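These notes concern the structure reproduced below.
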Amino acid sequence: MTLQVFGHKSPDTDSTGSPILWAWYLNEIRGITAEPVLLGEPNTEAAFLLDHWKLPKPRIIADVEDAQPCVIVDTNNPAELPVNINAADVRAIIDHHKLVGGLETKGPIDITIRPLACTATVMIDLMGKDAARMPDWAKGTALTCILSDTLAFRSPTTTDHDRAVAEGLAADLGIDIAEYAAKMFAAKSDVSAFSDAELLRMDSKEYEVAGTKFRVSVLETTAPAMVLDRKVSLMESMQSVAAEDGVDQVLLFVVDILNEEATLLVPNDLVASVARKSFGAEVSGDAVVLPGIMSRKKQIIPNLAV
């Protein structure tokens, strides 16, 4: 049975590119038949990755079969994975997030979780000298993932190692990082074709804080006005999205990549309280600017309080 490689639901650039990268490594270097798959439609920046490097969009799956061999990348959280994941045959996990727990495997597996900004960086380390054998499209995929997860080195999650790996890949490809990242972020910023509900789910993860369940949505953009101009309808849609997804509240952080700040929409007293208790913010309207807030993983989730 072909081994499947996949990341989390609502696939961003890293959860789209890293399965492709690791499937290449398994097929071409390890001699293991593997297929990259997605757990949903890729976001606009991930779609840019596929188009720019002329890669076919991986097959989208709704769930995994019993005993399906698979490798999980860019997450270890069961809430972000197929419903049937504990009945699958998970062979490995490659990740850069905190250990959540709750996954059950059929036997001992390889688990690599490293404090780096991007799964692709971890994968290149795991490949060792074989990383030099990557074709240009694979190097470009890894570079795109790293620049996405580090916001072109602006994110506080960025490590010196992520930067060094990205700069090496860019040099090999003859790519100017600033110019290429600008194209990536322009693609990410064009959300005009998406409904409010799609925007709220596009780059989101579920977290529970002191018994309150949140869908924490982050939209990274160089054109925040494109999202904020829709804040009234977005806040109206939060109630229905929360009800459909079984959470108490949607939190939407609009990250301004260039100005290095986030705007949190404040539809009700609960979110106002979250803004005050989590970030020490003074709330006086339906939105609050949080200077320096760029990372869900390092700055938002660890500080959430109700």
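Details
- Between 0 and 90°, nearest 10: helix 136-150 axis offset from the chain longest Cα axis: 30 degrees
- Net charge dipole size for the stretch 3-186 [Lys, Arg +1 and Asp, Glu -1 on Cβ; Debye, nearest 20]: 140 debye
- Relative to the dominant Cα principal axis of the chain, helix 177-189 is inclined by about 60°.
- Per-residue ellipticity at 222 nm, computed for the chain from helices alone with -39500 (n - 2.57) per DSSP H run of at least four residues, works out to -11000 deg cm²/dmol.
- Under-5 Å amide H pairs with ASP89, H placed in peptide plane, nonlocal only: ALA67, GLN68, CYS70
- Each of PRO302, TYR180, ASN43 was placed along the dipole of the chain (beta-carbon charges, centred on the mean Cα), and the one lying farthest toward the positive end is PRO302.
- Separation of the alpha carbons by more than 27 angstrom is noted, of LYS106/LYS188; LYS129/LYS205; LYS54/LYS205; LYS54/LYS231; LYS9/LYS188; LYS98/LYS183, for LYS106/LYS188; LYS129/LYS205; LYS54/LYS205; LYS54/LYS231; LYS98/LYS183.
- If the chain linking ASN27 and ARG114 were pulled fully straight, counting 0.36 nm for each residue of separation and taking away their Cα-Cα distance, it would gain 29.0 nm.
- Taking ALA243, ALA92, ALA223 in turn, the Gaussian network model of the chain (Cα-Cα springs below 10 Å) assigns the largest fluctuation to ALA243.
- Placed amide H near ILE60: partners under 5 Å, 5+ positions off or other chain: LEU38
- Cβ-defined net charge surrounding ILE257, 9 Å radius [Lys, Arg +1; Asp, Glu -1]: -1
- Derived scalar couplings between HN and Hα for the stretch 23-34 equal 5, 4, 4, 5, 5, 8, 9, 8, x, 9, 6, 9 Hz in order, rounded to whole Hz, by the Karplus curve 6.51 cos²θ - 1.76 cosθ + 1.60 (θ = phi - 60°), x for Gly and Pro.
- Note, ³J(HN,Hα) from phi for the stretch 212-224, Karplus 6.51, -1.76, 1.60, rounded to Hz, x at Gly and Pro: 9, 8, 10, 9, 9, 9, 10, 10, 8, 7, 9, 9, x
Every read-out reported here was derived from the displayed coordinates using simple, explicitly stated rules and does not represent laboratory data. Owing to the predicted nature of the structure, the values given are computational and were not obtained by experimental measurement. Because the Cβ atoms are built from the backbone with ideal geometry, glycine has one as well, and the counts that use them run over all protein chains shown.
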